[in-house]
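For reference, the structure is listed below as structure tokens.
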Amino acid sequence: MKIAFVEPTRFTSGNVAVMVAADRKLLPAAAALDKQTKGALRRAMAASRFAGKKGQLLSVMAPAGTRIDRITLVGVGKAGELDDLAAEALGGSLVVDANGAAQKSVVLVIDAPPGGKMSAGKLAVRSALGAKLRSYRFDRYRTKEKPDAKPTVTSLSIAVKGAAAVQRRYVPLAKAAEAVFYTRDLVSEPANVLHPESLAAKCRELSKLGLKVEVLGEAAMKKLGMGALLGVGQGSARESQLVVMSWMNGPKNQKPVAFVGKGVCFDTGGISLKPAAGMEDMKWDMGGAAAVIGAMHLLASRKARTNVVGIVGLVENMPSGTAQRPGDVVTSMSGQTIEVINTDAEGRLVLADALWYVQKNFNPQAIVDLATLTGAIIIALGHEYAGLFANDDELASRLAAAGERTGEKVWRLPLGPNYDKEINSDIADMKNVGSGRGAGSITAAQFLERFIIGKTPWAHLDIAAMAWTNRDQPTGPKGATAFGVRLLNRLVVDHFETAD
Ligand code: BES
Ligand code: MN
Ligand code: ZN
């Protein structure tokens, strides 16, 4: 879907969306059309539930007195109700509405609601972003669907004063949308197509954006002693990979921030095999890695003034004659030994070596890891918030704030020595699952914390409930969400980026 910003003129044809505030208050463009159509809009409102509430839509077909095909009234609610996220949702709902009506193009006329906190320009770019994000489709593997059965909006024009300046403001948001689409594509790809080697190859391609990309195969990881990560991949016919992407465009003396992603391209559970029902979902067990890759894509494409390293551990967790067994003891790169009680608790093993590697090689000022780590986090928080664990209050509150702003929300859960004890092993330094049945997401986080050196600020995001959605969302269809891309970008913009 193409988005263009245009100067508001009189729109006399096509599909036109105009804004209406609470209590059916027509904003200027809507009022003008109402007049032109001899009151058709007011009559339509009176004949429906539409009252201009935030998020409400009402379409009026082929009103007399004009050659316009369809006028859509868009509710913006009471003064001050519209914020960034609501504006994004508004853009998204317009796309759904137009798709449902098989429309090819739509014009959205912006009228900043009086008394609100959003300028017309801000409202324009945010609704454009929401529309763009909602228009995503993953249809690479549909060969039979008739093209005209597909949702059809191919062009959205946003009418706003000072269109050229607004267009410039939209550029970084368009880049964010592109990175989100990139991540959604990666997460949606099935595991026969996207496996550790092919995903590493995709990462390599990102060097065209100016990222430095380094790929370590199994031989290199073996030399480094990454027994934890390698143990997970040893049952797979595919070679495990560790990909290091760096973007060093900030001050020379500024230590990088590290983003670390779990990239289990498929998680069968290994010898601790998962049940068949729903196992296909485990193709998206690389959602953390995909978010890190997307965030690096975004930082590079918008040439962020920052130093960031993104590292992803890519493996396939398979049962086979060469697979690791429950009870095996592996030695991680840190030298710490791990008794693998359950081969399905594999993500933490991958992250253990990736975390150690990034600290030893980049001395980061802060670390954020993202992982579809535990089913338990879905039980705890549902699909509203990702789990946040941190050894540093400032980093935790920065992430929480970035989550509120982007709509990629995170909720902090505790860590502590009594949880940590749960993963002590009788025969090794630790085991990969807790002794009791409780607090599965916390014991997983405790495991990761054992691989954080000294006081390095670190946060872990358990995104198991967030990487994928079974329901359409305001700014995306059901399927891959790319959760984390905008969150990490926001964190960088707000705290780790120097002004030009
Ligand atoms: N990838 C799964 C976690 C997961 C579950 C993500 C459901 C998304 C949806 C992870 O590797 C896993 O299998 N975790 C186990 C840990 C357990 C064996 C301690 C789990 O959550 O059941
Ligand atoms: Mn697992
Ligand atoms: Zn997993």
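Every read-out reported here was derived from the displayed coordinates using simple, explicitly stated rules and does not represent laboratory data. Just so it is clear, the structure is predicted and the values come from calculations on it, not from any experiment. Because the Cβ atoms are built from the backbone with ideal geometry, glycine has one as well, and the counts that use them run over all protein chains shown.
Listed values, structure above:
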{"read-out": "Backbone HN-Hα couplings from phi across region 27-35 [Karplus 6.51/-1.76/1.60, Hz, Gly and Pro as x]", "value": "7, x, 5, 5, 4, 5, 5, 4, 5"}
{"read-out": "Tail fraction, Cα-Cα pairs, region 161-282, threshold 18 Å, whole percent", "value": "66 percent"}
{"read-out": "Region 83-196: Cα Rg divided by the 2.2 N^0.38 Å rule of thumb", "value": "1.21"}
{"read-out": "Separation between Cα centres of region 252-290 and region 80-156, rounded to whole Å", "value": "31 Å"}
{"read-out": "Label-point separation in nm, Glu7 to Ala51, each point 7 Å along Cα→Cβ", "value": "4.0 nm"}
{"read-out": "Value of D in µm² per second that Stokes-Einstein yields for region 370-500, Kirkwood Rh from Cα pairs, at 10 °C (1.306 mPa s)", "value": "101 µm²/s"}
{"read-out": "Amide H contacts of Gln324 (H built 1.01 Å from N, under 5 Å, at least 5 apart or other chain)", "value": "Gln234, Gly235"}
{"read-out": "Cα-projected label distance for Leu273 with Trp411, points at 7 Å along beta-carbon direction, nm", "value": "3.5 nm"}
{"read-out": "Total charge dipole magnitude, region 401-469, about the Cα centre, Cβ charges on Lys, Arg, Asp, Glu only, Debye to nearest 20", "value": "120 debye"}
{"read-out": "DSSP-assigned coil residues among trypsin sites (Lys or Arg not before Pro) in region 1-102, each with at most 11 further Cβ atoms within 10 Å", "value": "Arg10, Arg49"}
{"read-out": "Set of lysines near Lys212 by C-alpha distance (under 25 Å), chain-local residues within fewer than 8 positions excluded", "value": "Lys175, Lys202, Lys222, Lys223, Lys252, Lys255, Lys262, Lys303, Lys360"}
{"read-out": "Radius ratio Rg over Rh of the chain, counting only Cα atoms, Kirkwood formula for Rh", "value": "1.03"}
{"read-out": "Point-to-point label distance, Gln365-Met61, nm (Cα→Cβ direction, 7 Å offset)", "value": "5.9 nm"}
{"read-out": "Paramagnetic reach from Ile427 (point 7 Å along Cα→Cβ, amide N under 17 Å) across region 326-350", "value": "326-332, 337-343"}
{"read-out": "Full-extension gain in nm, Asp281 to Thr331, via 0.36 nm per residue minus C-alpha separation", "value": "15.0 nm"}
{"read-out": "Alpha-carbon radius of gyration plus Dmax, which is the widest Cα pair, for region 243-367 in Å", "value": "16.5, 51"}
{"read-out": "Largest-first principal axis extents, alpha carbons of region 305-412, Å", "value": "48, 36, 21"}
{"read-out": "Using θ = phi - 60° and Karplus 6.51 cos²θ - 1.76 cosθ + 1.60, couplings along region 172-186 (whole Hz; Gly, Pro as x)", "value": "x, 5, 4, 5, 4, 4, 4, 5, 4, 5, 4, 5, 4, 4, 4"}
{"read-out": "Extension gain (nm, one decimal) between Lys161 and Ala31, 0.36 nm per residue minus Cα-Cα", "value": "45.1 nm"}
{"read-out": "Gain upon complete extension [Met248, Ala499; 0.36 nm per residue less C-alpha separation]", "value": "88.9 nm"}
